[in-house]
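**Q** Here it is: the structure, laid out below.
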Amino acid sequence: MEFRTIVDIPRPEFEIRPMEPMLFVGSCFADNIGKRFSDEHFDTVVNPFGVMYNPASILHTVDRLLAGERPEGDDKGEFVPSTAILTLGTNHVYIENATGEIVDNCRKRPQRLFTERVLTIDECYGYLRKAVGGLRTINSNMNIVVTVSPIRYRKYGYHGSQLSKSVLLMAADRLVSDCGVYYFPAYEIVNDELRDYRFYNADMLHPSAVAVEYIWERFVGVAFSDEAKHFLDEWKPIKEALGHRPFNPESAEYKAFMARTRQRIEDINKKYRRK
């Protein structure tokens, strides 16, 4: 007997390679997945100008990157990703009354200064298409993944939250058809495979660490090259070593342990870093 439904995930036409430079832009779910890639020693930039919940704000981040802007404290210089992952959270936007422009963050200013409205499917698609076009001026061969965040928005009401996700899903589907991007079904995985509150945090809205880990495993399974999977296996003991907390960090034994760990990092970098 089958006691749950498994989402069928088609393989993309590309494969993620070890330590690949990657950009994550979107909702706080992008933060979660981006951190997972960062922990696995990928070259990541995650929401460089803050969390961006809607398609218009995602475009704003891309435009700022295209203009050469970098987040405060970023001294890495030019960043050219091979893969970008765009995570759509909502179609609700806030328009600043004084300028008529969509803002990415109200910065705790009074609500009366803004008007909330919802983007249509066409508007969402338009912003996303421009974002994809902008990213491909950075790298014409960039792999672009779009996904809809499984995080629900209580403040819209649960029906309103579902309507918002529906608009995003329709816009994403059109983007896949027209722009050749890859859709990864994170929203469907949580709602169809993990449809149980034990896979949510205490707020019953955000996916738990277990759910995020499961989504990560599904993505690795369909999108990672064999070499990247081998890399994960080799990186695991190094990551565990980096997470070790010593009783005495000043001891000669621990310093020798860290020296060996740094050498292992250097060795794996030389082995897998793309020429």
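**Q** Sort 212-220, 113-121 by the packing proxy (mean of other Cβ within 10 Å over each peptide's residues), most packed first. Walk me through the numbers before you get to the answer.
**A** Details: 212-220: 17.3, 113-121: 14.9.
My ranking of the peptides, most packed first, is 212-220, 113-121.
**Q** Also, I was wondering about something else. Determine the relative contact order of the stretch 21-225: mean sequence separation of Cα pairs under 8 Å and six or more apart, normalised by residue count, in whole percent.
**A** Result for the stretch 21-225 is 20 percent.
**Q** Sticking with this structure for a sec: Where a ≥ b ≥ c are the square roots of the eigenvalues of the C-alpha gyration tensor, would you call the stretch 51-158 rounded, which needs a/c under 1.5, or, failing that, prolate if a/b is larger than b/c, or oblate? Working shown, then result.
**A** Numbers: a/c = 1.94, a/b = 1.46, b/c = 1.33.
Prolate shape, in that a/c is at least 1.5 and a/b is the bigger ratio.
**Q** By per-residue mean of other Cβ atoms within 10 Å, what is the highest-first order of 99-109, 148-158? Walk me through the numbers on the way to the answer.
**A** Values: 99-109: 12.0, 148-158: 18.0.
Highest mean packing first, the order is 148-158, 99-109.
**Q** On C-alpha positions alone, give me the angle between the axis of helix 121-138 and the longest principal axis of the chain, in degrees, nearest 10.
**A** Long axis of 121-138 versus the principal axis of the chain: about 40 degrees.
**Q** Under 5 Å between amide H atoms, partner at least 5 residues away or on a different chain: which partners does V146 have, H built in plane at 1.01 Å?
**A** When sequence neighbours closer than 5 places are left aside, the close amide H contacts are L86, Y182, Y183, F184.
**Q** Under 8 Å for C-alpha pairs, at least 6 residues apart: give me the relative contact order for the stretch 17-117, rounded to a whole percent. It would help to have the intermediate numbers written out before the result.
**A** On the way: 149 pairs, mean separation 31.1, N = 101.
Once divided by the residue count of the stretch 17-117, the mean separation gives 31 percent.
**Q** Here's something else I'd like to know. Each residue of the stretch 9-14 in turn: what ³J(HN,Hα) in whole Hz from Karplus with 6.51, -1.76, 1.60 and θ = phi - 60°, glycine and Pro shown as x?
**A** 10, x, 6, x, 7, 10
**Q** Helix 209-223 sits at what angle to the longest principal axis of the chain, using alpha carbons and giving 0 to 90 degrees rounded to 10?
**A** Between the helix axis and the principal axis of the chain, the angle is about 80 degrees.
**Q** What whole-number distance in Å separates the alpha-carbon centres of the stretch 231-275 and the stretch 134-161?
**A** 34 Å
**Q** Give me the net charge of I238's neighbourhood, meaning all other residues with Cβ under 13 Å from the Cβ of I238; Lys, Arg count +1, Asp, Glu -1. Walk me through the numbers on the way to the answer.
**A** Working: positive: K236, K239, R260, R262, R264, K271; negative: D39, E40, D233, E234, E240, E266, D267.
Net charge in that neighbourhood comes out at -1.
**Q** Same structure, new question: Only bridges with both residues in the chain count here: give the DSSP antiparallel percent, nearest 5.
**A** On the way: 8 of 26 bridges.
In the chain, DSSP labels about 30 percent of beta bridges as antiparallel.
**Q** Taking the alpha-carbon set of the chain, what are its Rg and Dmax in Å?
**A** That works out to 20.2, 63 Å for Rg and Dmax.
**Q** Please get the size of the charge dipole for the chain, origin at its Cα centre, with Cβ charges of +1 on Lys and Arg and -1 on Asp and Glu, quoted in debye to the nearest 20. Write down the numbers at each step before the final one.
**A** On the way: 37 positive and 39 negative charges, 91 e Å.
The dipole magnitude comes to about 440 debye.
**Q** Using helices alone, I'd like the mean residue ellipticity at 222 nm for the chain: each DSSP H run of four-plus residues gives -39500 (n - 2.57), total over residue count, nearest 500. Provide the component values of the computation, followed by the final result.
**A** On the way: 7 runs with 117 residues, N = 275.
Per the formula, -14000 deg cm²/dmol.
**Q** Still on this structure, I have one more. Give the cross-link partners of K108 among the lysines, using a straight C-alpha distance below 21 Å as the criterion and excluding same-chain residues fewer than 8 apart.
**A** Cα-Cα hits under 21 Å: K155.
**Q** A follow-up question, please. Would you mind checking the pairs K165/K229; K165/K236; K239/K271; K35/K165; K35/K270; K130/K229 and listing those with alpha carbons more than 28 angstrom apart? Don't skip to the answer; put the middle values down first.
**A** Working: K165/K229 32 Å; K165/K236 35 Å; K239/K271 16 Å; K35/K165 23 Å; K35/K270 23 Å; K130/K229 33 Å.
Violating the 28 Å Cα-Cα cut-off are K165/K229; K165/K236; K130/K229.
**Q** Return the long-range amide H neighbours of F114 (sequence gap of 5 or more, or a different chain), with a cut-off of under 5 Å between placed amide H atoms.
**A** For F114, the qualifying residues are N97.
**Q** Which ³J(HN,Hα) values in Hz, rounded to whole numbers, follow from the phi angles of the stretch 23-40 under the Karplus curve 6.51 cos²θ - 1.76 cosθ + 1.60, where θ = phi - 60° and Gly and Pro get x?
**A** Residue by residue, the stretch 23-40 yields 10, 10, 9, x, 6, 5, 5, 4, 4, 4, 5, x, 5, 4, 5, 4, 4, 8 Hz.
**Q** Additional query: What are the ³J(HN,Hα) couplings of the stretch 62-70, residue after residue, when phi is run through the Karplus curve with 6.51, -1.76, 1.60 and θ = phi - 60°? Round to Hz, x for glycine and proline.
**A** 4, 4, 5, 5, 5, 7, x, 6, 10
All of the numbers you see were taken from the coordinates with simple rules; none came from a lab. Nothing here was measured: the structure is a model prediction, and the numbers come from that model. Cβ: placed from backbone, ideal geometry, glycine included. Neighbour counts: every protein chain shown.
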